[in-house]
Amino acid sequence: MAENKVIRCPECMRRDIDSELFYDKKDDEYYCRLCCYSADEETAFGDLKKFKTEKYKSYKYSK
Amino acid sequence: MLYCNVIHKISNDSSVDYTIEPLKFQQDEAHKLGLKTTLLVSYDVLFVEDYVKYCIEQSEKYGDELGLNMQFLIGEKYSEFSKTREGQLHLMPFEQQKIMVEEHFERFKAAFGYYPKSVAFYYMSAPILIWMKEKYPEFKIAIMNCFEEGIHMYDGNRHGWNLFCEGSPWGAYYPSKKNSMCPAYDEADAIGIVAVPHLNRDMMMAHIGRDDCFSSHSANVQRGMVNEGNKCKYLYDFFDEWKKQSSYNKAVYYNTLVNALWLDEGKNFEETVEDSRDLYCQTLRIYKDNEDNGEAKVCTMAEYADIHNKLCNYDTADINLWNDLLMGSKRQLFWCSRSEYRITIDPNLGGAIVDLRPYAGRLSIVPGPDSDVMWTGSYPYVLHNWHRESCHTCFINGENLFEHRTTASVKKEENGDIALILEPVELDVDNATIDVQSIFLIKKDGRIAIRRKILSSSEPQKEYSVKEQFRGTKGTGVLPEDYKGTRLYIDDKNGELSLSANYEDRKIASNNASCVGCYVPQLNTTVELITEDKNARFTAEEGYMFRPYYTMICEHTTVKAGEEVVTWLKIR
């Protein structure tokens, strides 16, 4: 079972909105209180990474 | 030259799980590099003997400046004294502000033996600053606004962060007694302090998105997810882009102010504390490296105030030409701030004027519960393309330059004029191909000459219409605001034509004039388009409810290839 980690909603991030996902212990799932996004921990982190990669696809991270 | 402040805050808030360790980490890392800091002390700290001793020791040993933090009034002692949870000084009534400031200043003096020279707010209006300067002449510099913190940030923070201070200058300036967001005309108009921003911002992203994700604050950048762990090229590119502004300005101010909380375990979204601290250290190293190679100078806030007083006059325009860093585009944005206005020109939109704040109106804006503006400290715009789809653009035979992106460069003339030179664009108009170049010449006296030249045409004898269109409105946000009573006029040679805007879709027009203008009473501002072109046609339209804009048009009707037309934009 996943711990209650800090993960922001990837869908809201696409609209420049900071919305931390809430954790549903019963369903072992993270969900957003603003939009309809919900996912398990691995998917949520993966979606966040995907958002970041897409948004800054023309920019290189490392120095 | 880029003048940099490293600013830290020391707090003691028992309502959060606060420890001084992250602050000590920040101080130690700065001192390892030989950097002086400005240490802003919060109210509750002044009651803790060990913290006061720590501050004094830092100041004596490293030359750090001790200043006063009034950005967010919080803490057990503060609550006991104030009897309120209101933490934003600028939202309190004036008399209450005076009580709070006096209490803070006197406690500071009791702890350290002197009044602070430097004070930090998120935003502060003029009346209390005037009072502070009179009562405490030593007070010389204040962090006074968060650049373009308003609509985008409000949306991004789920409408819970009620700080509105859009429309200000982005750098250091002398604030006016009439409105702290306006650069002073002269000494008589000035409060007598130097205003600096809370952080430097990405001058593109602050306009098109959130100012609080893309700034000189390493944790903000993590919030924007621009980093990959402890790797973040953006921190370096950002600093370099600010350095470039030294080409246009005598002194460029830069600060970083990262609250120690961001560098504590579990306090920075998905980020680890190790990465957060590493990135912060990299920020300090950027300062050090640039100072070592002579491209930046690190100083305290009070020291910067002295530098600014020495180098910067009241009538100096502040210029910024910013290149997109993050999105891999060619997009640029040009900003100019002076006593009369702040203007933003977007080469991506063919050189359209996309944001115009008429400081000349010198509106008295003082937020608070007894104020008509309530929360909004923002200086209103007279046009804003992002918020309200209102801008100034140019049509050539009906073809809108707005739809043709270009790039720009800045040239400063010997006489103090500033030229924004746009690369020519190619247009297909009426079966001909033409090249058009636009230049905005900002004169030392504040008038703006909008110069359009048809460089070449595939039909050399053809005459073209060059139409300047100013679509204006007024507001601070994204909803329409009433501009009823705005007086539109044209100085027709046979007698002035005018109408008072009332959303009835009326217009006035003349082929026999030299100026079309509007006076917006809600902004106490007049905007005019003026030309010496005898063949020019003028139109003014009041707009209607579903399209609540007033429009001023100056149309040059007989322009051939090789000819340039000039339309003056005057804001008073």
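The values are calculated or read from the model by the stated rules, or taken from the named source; none is laboratory data. Treat the numbers as computed from the prediction; the structure is a model and nothing was measured. Using ideal geometry, Cβ is built from the backbone for each residue, glycine included, and neighbour counts are taken over all protein chains shown. The protein model used for the area step is the full one, side chains on, heavy atoms only, and it has no ligands, DNA or RNA in it. Shrake-Rupley method; radii C 1.70, N 1.55, O 1.52, S 1.80 Å.
Do we find that residue B:95 is under 31 Å from the mean Cα position of the chain (by Cα) and open to solvent by 80 Å² or more (accessible area, probe 1.4 Å) in this structure? Against the criterion (under 31 Å from the mean Cα position of the chain (by Cα) and open to solvent by 80 Å² or more (accessible area, probe 1.4 Å)), residue B:95 qualifies.
In the set (1) farther than 28 Å from residue B:479 by Cα; (2) in contact with a strand residue (DSSP E or B) (Cβ under 8 Å, 6 or more places away or on another chain), residue B:148 fails one condition alone, (1). Condition (residue is assigned to a loop (DSSP other than H, G, I, E, B) and within 30 Å of residue B:165 (Cα to Cα)) applied to region B:490-497: is it met by at least one residue? Among the residues of region B:490-497, not one is assigned to a loop (DSSP other than H, G, I, E, B) and within 30 Å of residue B:165 (Cα to Cα), which makes the answer no.
Does residue B:154 qualify as being in contact with a strand residue (DSSP E or B) (Cβ under 8 Å, 6 or more places away or on another chain), closer than 29 Å to residue B:205 by Cβ and free of Cβ contacts under 8 Å to residues at least 40 places away in the same chain?
Answer is yes for this residue.
Counting only helices (runs of 4 or more DSSP H) that fall entirely inside region B:160-260 and contain at least 2 residues that are of a type in the set (S, T, N, Q) and within 14 Å of chain A (Cβ to nearest Cβ), the qualifying elements are B:218-223.
Working only within region B:361-378, note down all residues that are touching a Leu at 6+ places or on another chain (Cβ under 7 Å) and in a loop (DSSP other than H, G, I, E, B).
B:363, B:367, B:368, B:375
Just give me the residues in region B:542-572 being outside any strand (DSSP E or B) and either open to solvent by 30 Å² or more (accessible area, probe 1.4 Å) or of a type in the set (A, V, I, L, M, F, W, C) (or both), in sequence order. Within region B:542-572, B:545, B:546, B:560, B:561, B:562, B:563, B:572 meet the criteria. Residue B:159 satisfies every condition listed in (1) crowded, with 23+ Cβ neighbours inside 10 Å; (2) closer than 23 Å to residue A:17 by Cβ; (3) of a type outside the set (Val, Ile, Thr) except (1). Taken over region B:48-72, the criterion of being over 22 Å from residue B:256 (Cβ atoms) and either touching a residue at least 60 places away in the same chain (Cβ under 8 Å) or open to solvent by less than 10 Å² (accessible area, probe 1.4 Å) (or both) is satisfied by B:52 alone.
Applying a threshold of 6 Å to beta carbon distances and a minimum spacing of six or more residues, or different chains, the list of pairs starting in region B:418-436 at a residue that is under 21 Å from residue B:343 (Cβ atoms) and open to solvent by less than 50 Å² (accessible area, probe 1.4 Å) and ending at one that is at pLDDT 95 or above and hydroxyl-bearing (Ser, Thr, Tyr) reads B:421/B:409; B:422/B:406; B:422/B:438; B:425/B:406. On the stretch given as region B:45-101, residues that are basic (Lys, Arg) and at pLDDT 95 or above total 4. For region B:213-241, the tally of residues that are open to solvent by less than 10 Å² (accessible area, probe 1.4 Å) and of a type in the set (Asp, Glu) stands at 1. Every condition in (1) in contact with a strand residue (DSSP E or B) (Cβ under 9 Å, 6 or more places away or on another chain); (2) assigned to a loop (DSSP other than H, G, I, E, B) holds for residue B:18 except the one numbered (1). Selection of region A:23-56 for residues being over 15 Å from residue B:270 (Cβ atoms) and away from chain B (no Cβ under 12 Å) yields A:24, A:25, A:26, A:27, A:28, A:29, A:31, A:36, A:37, A:38, A:40. Just one of the listed residues (B:115, B:122) is open to solvent by less than 50 Å² (accessible area, probe 1.4 Å), in a loop (DSSP other than H, G, I, E, B) and free of Cβ contacts under 8 Å to residues at least 40 places away in the same chain, and it is B:115. In region B:442-463, the count of residues that are open to solvent by 10 Å² or more (accessible area, probe 1.4 Å) and β-branched (Val, Ile, Thr) is zero.
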